[in-house]
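Below is one structure, written out as structure tokens, with a few remarks after it.
The values are calculated or read from the model by the stated rules, or taken from the named source; none is laboratory data. Here the structure is a predicted model, which is why all the values come from computation and not from measurement. Cβ: placed from backbone, ideal geometry, glycine included. Neighbour counts: every protein chain shown.
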Amino acid sequence: MKDSIRSIVLAGALCACLVPGSASALSLVGGPVGPGTVTFDFSTPEMVAVDIAFTAPGTIFLTYELDAADVTRGSAGFNSIVDNLSGAGFAWLEIDTGAAGLLAGSAASNDGGVAMIVSGPGKVRLDFAPSLTTQAYLGDPLFTGAASDWAIPLAGLAAGDRFELAMTAAVPEPATWGMAAAGLAVIAALARRRQRAVA
């Protein structure tokens, strides 16, 4: 439903991008590579707006190239709808632009809470509780005005330079599953003990 809303809202922008002479923020020159697809690309001259559908945990790579107008602007906005079509809950999602840098904005999940960890100038990790099974929203992809878009700083880069946008989705690590199983075993043992004490 939200994808179709975004489609309607941005149909004009998409048509404008197809007109000869129009430009989009950065040029997508490679990808997607990885376990999923870019379901929509609503990029405009100032905004990288891509919607990613993961079909399995892993990393999806998109390669972008700057032109002179990108360098003059000095940065590009970024937003995304991330779909989980894998059937497994994602414990976290990491966004990495490497040398290009990344300034985090808003993040939300249809499934619950999101904790944000900035682990480097171009790397942000989102931890989901509970796990992401449906959609996450980076920035304000639906243009509600209630969220803030992310930004990709382009200082120090020149026309013709390329960078990779990598988005990695992961299921809980085996140690996490082990701790959860141990916790459930303790709860079950306490419940049995309580039942015996009552009887």
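Looking at region 40-143, what strands (runs of 3 or more DSSP E) fall wholly within it and have at least 3 residues that are hydroxyl-bearing (Ser, Thr, Tyr), at pLDDT below 95 and crowded, with 21+ Cβ neighbours inside 10 Å?
none
Of all residues in region 26-39, how many are touching a helix residue (DSSP H, G or I) at 6+ places or on another chain (Cβ under 8 Å) and assigned to a strand (DSSP E or B)?
So in region 26-39, the residues touching a helix residue (DSSP H, G or I) at 6+ places or on another chain (Cβ under 8 Å) come out as 26, 39.
Imposing the further condition that a residue be assigned to a strand (DSSP E or B) reduces the set to 39.
Selection size over region 26-39: 1.
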